[in-house]
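Please read the structure below before turning to the comments.
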C-alpha cells in the first residue's frame with residue numbers, strides 16, 4: 001500500500017491507494033490505457049537494456065581510445081628519436097666525408113712536395129686523387145686537363161707512386177713500417193741521387209723500412225743489409241752484410 005501511495009505522489013495524483021475504484025480513476029486521469037502503458041513499459045525496458053549495452057560498448061571503445069592515444073604518443077616519441085638519430089647519422093657521415101676530402105687534399109699537397117724533392121724535372125703542377133677510387137692523376141704544365149698517372153713515363157710513375165705513399169704515411173701519422181720493392185724502377189741516373197736522398201730521409205722518420213733494390217742506395221741508413229746473388233747453377237744465395 002505504501003508503494004502505491006508513493007507512486008501516486010510521484011505522479012502528482014490526488015488519489016487514495018485504498019480507493020476501490022483506483023484503477024478506474026487512474027485510467028481516467030492517465031493519457032494512455034493500462035494495456036498501452038504496459039506495452040510502453042516493456043518498450044522502455046528494452047530501450048534501457050539497449051542503452052546499457054551501448055553504454056558498455058562506449059566504455060569499451062573509450063578504453064581502446066585511451067590505449068590508442070597512449071600508443072600514438074609512444075610512437076611520436078619514437079619517431080622523434082629516430083629522426084634525431086637520422087640527423088646525427090647524417091651529420092656524422094657529412095663530418096666523415098668532409099674529413100676524408102680534407103685528408104685527400106693534404107695527401108695531394110704533400111705528394112706534390114715529395115715529388116719535387118725527388119726530381120728536378122718539375123713537369124707537373126698538381127697531383128690529385130679521385131675521391132671515389134683514389135686513382136692518381138697529374139696535371140702536366142702547359143696542359144689544360146689532368147691525365148692519369150699511369151700514362152706518364154715509367155720513371156715518373158715510380159717517383160709519383162713513392163711520393164703518394166710517403167704523403168699517406170705522413171698525413172695519416174703511420175710511421176711503423178714501409179715496404180718498397182724496386183722503388184728506383186725506371187728512374188734515370190739523373191734523378192736517382194735525389195730519390196735515394198728522399199728514401200734515406202723517410203727511413204729516419206719510420207720505425208722500420210724494408211727496401212728491395214738492385215741499386216746500392218741508402219746503405220748508410222740501413223741497420224741490416226741482406227745481399228741476394230744468383231750462382232751460375234741458378235741457385236740464389238742470401239748473405240747478411242755487416
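The values are calculated or read from the model by the stated rules, or taken from the named source; none is laboratory data. None of these values were measured; they are calculated from a predicted model. No Cβ is skipped: glycine too gets one built from the backbone with ideal geometry, and neighbour counts run over all protein chains shown.
I need the strands (runs of 3 or more DSSP E) fully contained in segment 176-242, keeping only those with at least 1 residues that are in contact with a helix residue (DSSP H, G or I) (Cβ under 7 Å, 6 or more places away or on another chain) and without any contact (Cβ under 8 Å) to a residue 40 or more places away in the chain.
177-181, 208-212, 225-230
Of 75, 44, which residue is surrounded by 10 or more Cβ atoms within 10 Å (Cβ to Cβ), at pLDDT 85 or above and assigned to a helix (DSSP H, G or I)?
Of 75, 44, the one residue that is surrounded by 10 or more Cβ atoms within 10 Å (Cβ to Cβ), at pLDDT 85 or above and assigned to a helix (DSSP H, G or I) is 75.
Being within 36 Å of the chain's Cα centre (by Cα) and either modelled with pLDDT under 80 or surrounded by 19 or more Cβ atoms within 10 Å (Cβ to Cβ) (or both) narrows it down to one of 166, 199, 195, 206, so name that one.
166
Working carefully through the options 68, 115, find the one that is within 30 Å of residue 189 (Cβ to Cβ), in a helix (DSSP H, G or I) and either more than 30 Å from the chain's Cα centre (by Cα) or touching a residue at least 24 places away in the same chain (Cβ under 8 Å) (or both).
That would be 115, the only listed residue that is within 30 Å of residue 189 (Cβ to Cβ), in a helix (DSSP H, G or I) and either more than 30 Å from the chain's Cα centre (by Cα) or touching a residue at least 24 places away in the same chain (Cβ under 8 Å) (or both).
Only one of 152, 164 is farther than 28 Å from residue 98 by Cα and either touching a residue at least 40 places away in the same chain (Cβ under 8 Å) or in contact with a strand residue (DSSP E or B) (Cβ under 7 Å, 6 or more places away or on another chain) (or both). Can you tell me which?
From the options 152, 164, the qualifying one is 152.
Tell me whether segment 49-65 contains one or more residues that are in a helix (DSSP H, G or I), over 60 Å from the mean Cα position of the chain (by Cα) and either surrounded by 10 or more Cβ atoms within 10 Å (Cβ to Cβ) or modelled with pLDDT of 85 or more (or both).
yes
I'm trying to understand the selection: among the residues of segment 142-160, which are assigned to a loop (DSSP other than H, G, I, E, B) and either at pLDDT 90 or above or more than 24 Å from residue 182 (Cβ to Cβ) (or both)?
142, 143, 144, 145, 146
Considering only segment 118-133, state which residues are closer than 15 Å to residue 164 by Cα, out of contact with any strand residue (DSSP E or B) (no Cβ under 8 Å at 6 or more places or on another chain) and without any contact (Cβ under 8 Å) to a residue 24 or more places away in the chain.
Within segment 118-133, just 133 meets the criteria.
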